[in-house]
Every structure is written in C-alpha cells, then in structure tokens.
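Engineer: Before we start, here is the structure in question, set down as structure tokens.
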Amino acid sequence: MVPAYYLFKLPYTLVWHIIRRLGKTEDVVLYCANTLDYQIFSPVQQYLKPLPVVAKNRKAQQELAAMGVSATRLPGFPKGVIMCRQAAYRFPATGIKKIGLRHGAYHFKPFANADSYNLLDRFFMTSSTEVKQAEDAGIYCGVAIGYPKLDSAFDGSIDASVLTRIRQKLKLDPNKKILLFTATWDNSGLSAVSQWAHKLAPLAQRYNVLVTVHPWTATEHINNIRNTPGVNYLGNHDIIPHIMIADVCIGDASSILAECCALDKPMITFRMPEGKRTVPHVHKMIRDFSLQIGHVNELDDAIKQCLAEPDARQAQRAAANRIMFDQLDGLAGRRAADEIIKLFPQLKKDDA
C-alpha cells in the first residue's frame with residue numbers, strides 16, 4: 001500500500017464526513033492523473049451521463065483544459081469515483097464507492113499490491129483469464145469487460161476516411177511503408193528506446209516513421225525523436241488509428257503491443273532480459289507473436305522480413321488475443337458502462 005494512504009486517510013475521512021453532512025459532497029467523479037486517462041474513459045463515457053472531472057494536479061488540469069475539459073483539482077470529496085488506474089488511496093474514505101479501469105491492455109507488468117486493488121469495489125480487466133490470474137494473486141475486485149480503448153477500431157468509428165485524413169495530416173508519403181515505434185518507460189529495465197531513439201534518421205529516409213513512447217521517458221530520448229527529420233512524434237494523440245495505418249510495429253515490453261496484437265499487426269520486438277518487472281507468460285507471448293531481435297543493427301533485415309511475410313505469426317497473435325481479450329467487438333465501453341450503472345444507477349442516461 002502507498003504510505004500516503006495511511007497518513008492521509010484519517011484527516012481526509014474526517015473532512016469527507018463533514019462535507020457529506022453539510023450536503024456538499026459531489027456525486028460521482030472521474031479522476032484523471034493525465035489526459036490519457038480521459039481518453040481511455042471516453043468510450044465508456046458515451047454510454048453514461050456526463051461526469052465531472054477531478055485532475056491530479058495543476059499540470060493535468062491545464063492539459064485537460066487545453067482539450068476543452070474543465071476539471072477541479074485534488075483533493076476531491078465525492079460519493080463515488082471512477083479512475084483509469086488503481087489509485088484508490090487518493091480517495092481513502094471507506095464510504096466512497098470506487099471503480100478502476102485498466103490503464104493499458106492486460107497486465108504487461110506484474111500486478112501491483114493486492115491491497116491497492118482491493119480498495120476498489122470493481123476493477124475492470126480485459127479478459128476472464130486476467131481476472132482468474134488476479135484472483136490467484138489475491139485480487140478479488142476484477143471484472144472482465146474487455147478494453148474500451150480499442151472499441152473505435154472495431155465499431156466502425158475509425159473508417160477509411162478517418163485514416164486517410166490522418167495520413168494527410170501527418171504528411172505521410174504514400175509510396176513508403178509505415179513503421180510505428182513504441183517503448184515502455186526507460187527506467188523499467190524493459191525498454192529498448194535507448195537503442196533506437198537516436199538512430200531513426202536512415203529509416204525515415206526509406207519509411208514513414210511514427211513514434212509513441214511512455215510519458216515518463218527521459219527528455220533526452222524524446223528530444224532525439226522530435227528532432228529527427230521525417231519522424232512523426234505522436235505525443236499524447238490517440239494511438240489506435242496510428243496502429244491501424246502501420247505496416248510494422250516495433251517495440252519492447254510496452255502494453256501497446258497488446259493493442260498491435262489485437263489489430264493483427266506484424267511486430268518486431270527487442271529481446272529484453274527478464275527482471276522483477278517481467279511477467280513470465282507475457283514475456284513468452286511477446287516472443288511468440290513478434291519477430292525478436294537482440295540489437296538495433298538487426299532491425300533493417302527484420303523490417304524487410306515482416307513486410308515480406310506480414311501473416312507469419314498471425315496464429316500466434318490470435319492465440320495471444322484469446323488470452324488478453326475475451327471479445328474484440330467494439331462493445332467493451334458498453335459493458336463497462338453497464339457495470340458502472342450497477343454501482344452508480346444515477347449515471348444511467350435517461351434515454352438508455
């Protein structure tokens with residue numbers, strides 16, 4: 001458990017009860033640590049009444065405002081809270097009902113402390129397999145609903161015209177194949193970003209190169225990527241349509257690989273050593289569904305191989321999808337909303 005939970009719980013709970021008695025407690029809020037949280041929840045929000053937003057800090061509040069989203073800041077004192085993570089310690093009063101959603105697809109890193117999950121009344125996971133694995137780890141709040149962030153790729157929201165506009169906006173060369181690079185946090189021990197962030201220039205001459213990295217990635221790497229001519233650094237844009245237009249996806253142990261797998265994209269991954277943040281069966285899945293390389297010098301040949309044989313690991317991708325996602329039907333947001341309404345019936349739309 002986060003130590004701040006124990007320091008904060010007593011005074012927070014006292015204030016929460018006072019505010020509640022005064023009748024000034026907010027109803028149900030969406031907690032956002034960053035703009036990605038808001039994006040992840042959007043496919044669920046469309047099935048619910050609008051939720052007020054509570055931002056983690058001033059930076060998050062300002063970034064949300066830039067998106068046109070008005071938000072208050074912590075501390076918040078609601079009757080209920082929904083979050084795209086397991087951060088119940090931010091709202092430690094036991095009287096507050098709490099729901100969490102997966103930040104990334106499946107658990108590409110080990111489950112956090114079971115107690116931090118079990119502070120939540122529900123935590124939405126991407127498959128029944130994941131729920132069972134969570135129970136084996138002592139987590140009993142899991143509910144399998146799928147991964148709402150992927151809905152737009154399967155419900156028709158992102159059609160050919162949308163993808164054409166994205167290609168045009170990024171000024172992609174129609175005569176070049178598209179590579180999408182991704183990387184997990186560089187201090188995780190599972191990231192390969194240091195191998196390629198400063199070596200994209202030759203690839204950008206022959207391919208359209210798109211890059212998305214973990215938001216905590218070192219500024220040095222991000223600057224190298226941003227400053228490489230011909231490279232499109234995607235920042236906090238919705239990554240799903242960019243995966244859809246990619247011909248080859250290149251990564252390490254980032255959970256974005258699960259999204260690439262769901263969209264049946266050929267993948268190249270850097271072979272990373274096992275460590276304390278490795279999930280063994282995920283490590284094996286990545287090895288199975290991607291073409292693995294040990295060094296950036298092998299990347300050229302690997303790209304050519306993937307472009308020549310894009311279906312080479314299609315069966316392995318399908319097998320991994322059955323583990324990570326019960327259904328890829330564009331309705332995960334609806335299933336999440338239905339579960340939310342069970343706990344918060346006041347969020348049901350009048351016309352639903």
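The values are calculated or read from the model by the stated rules, or taken from the named source; none is laboratory data. Note that the structure is a prediction, hence the values are computed from the model and not measured. Please note: Cβ atoms are built from the backbone with ideal geometry, for glycine as well, and neighbour counts cover all protein chains shown.
Engineer: Considering each of Ile96, Ile145 in turn, give the residue that is modelled with pLDDT of 95 or more, within 20 Å of Tyr31 (Cβ to Cβ) and more than 20 Å from the chain's Cα centre (by Cα).
Structural biologist: Values: Ile145 fails: more than 20 Å from the chain's Cα centre (by Cα).
Exactly one residue qualifies, and that residue is Ile96.
Engineer: Which residues, counting only those in segment 136-173, are in contact with an Asp or Glu (Cβ under 9 Å, 6 or more places away or on another chain) and polar (S, T, N, Q)?
Structural biologist: Scanning segment 136-173 gives Ser152, Ser157.
Engineer: Right, here's the next one. When you go through Ile139, Ile145 one by one, which is the residue that is in the same structural domain as Gly80 (by TED's automatic domain parsing), more than 28 Å from Glu274 (Cβ to Cβ) and of a type outside the set (Phe, Trp, Tyr)? Reasoning before the result, please.
Structural biologist: Numbers: Ile139 fails: more than 28 Å from Glu274 (Cβ to Cβ).
None of the other options fit; the residue is Ile145.
Engineer: Here is a further query. Can you list the helices (runs of 4 or more DSSP H) lying wholly within segment 131-247 that have 3 or more residues being in contact with a helix residue (DSSP H, G or I) (Cβ under 9 Å, 6 or more places away or on another chain) and over 28 Å from His283 (Cα atoms)? Give the derivation first.
Structural biologist: Details: elements: 151-154, 160-169, 193-196, 201-206, 219-226, 240-245.
In segment 131-247, the matching helices (runs of 4 or more DSSP H) lie at 160-169.
Engineer: Further question on the same structure: Looking at this structure, is Gly80 closer than 20 Å to Ile19 by Cα and at pLDDT below 95?
Structural biologist: On the way: closer than 20 Å to Ile19 by Cα: yes; at pLDDT below 95: no.
It is false that Gly80 is closer than 20 Å to Ile19 by Cα and at pLDDT below 95.
Engineer: Out of Phe289, Phe270, report the one residue that is farther than 16 Å from Ala183 by Cβ and touching a residue at least 12 places away in the same chain (Cβ under 8 Å).
Structural biologist: Going through Phe289, Phe270 in turn, just one is farther than 16 Å from Ala183 by Cβ and touching a residue at least 12 places away in the same chain (Cβ under 8 Å): Phe289.
Engineer: Report yes if Pro215 is in the same structural domain as Glu309 (by TED's automatic domain parsing), at pLDDT 90 or above and of a type outside the set (Asp, Glu), otherwise no.
Structural biologist: Criteria not met by Pro215.
Engineer: Got a sec? Which of Ala204, Ala183 is surrounded by fewer than 20 Cβ atoms within 10 Å (Cβ to Cβ), in the same structural domain as Gly251 (by TED's automatic domain parsing), touching a strand residue (DSSP E or B) at 6+ places or on another chain (Cβ under 6 Å) and closer than 25 Å to Lys304 by Cα?
Structural biologist: Values: Ala183 fails: surrounded by fewer than 20 Cβ atoms within 10 Å (Cβ to Cβ).
None of the other options fit; the residue is Ala204.
Engineer: To continue, here is another question. Across segment 305-332, what is the number of residues that are among the small types (Gly, Ala, Ser) and in a loop (DSSP other than H, G, I, E, B)?
Structural biologist: 2
Engineer: Among (1) modelled with pLDDT of 95 or more; (2) under 24 Å from Leu150 (Cα atoms); (3) out of contact with any strand residue (DSSP E or B) (no Cβ under 9 Å at 6 or more places or on another chain), which single condition is Pro345 missing?
Structural biologist: Every listed condition holds for Pro345 apart from (2).
Engineer: Sort out which residues of segment 251-293 are assigned to a helix (DSSP H, G or I) and closer than 19 Å to Gln195 by Cβ, and write them in order of number. So that I can check it myself, show each step before the final result.
Structural biologist: Here is the first cut: in segment 251-293, the residues assigned to a helix (DSSP H, G or I) are 256-262, 280-289.
Selection gives Ile256, Leu257, Cys260, His283, Ile286, Arg287.
Engineer: Quick test of your reading of the structure: Leu234 fulfils all but one of (1) farther than 26 Å from Leu36 by Cβ; (2) at pLDDT 90 or above. Name the failing condition by number.
Structural biologist: (1)
Engineer: Given the criteria modelled with pLDDT of 95 or more and not hydroxyl-bearing (Ser, Thr, Tyr), does Arg277 qualify?
Structural biologist: On the way: modelled with pLDDT of 95 or more: no; not hydroxyl-bearing (Ser, Thr, Tyr): yes.
So Arg277 fails the test.
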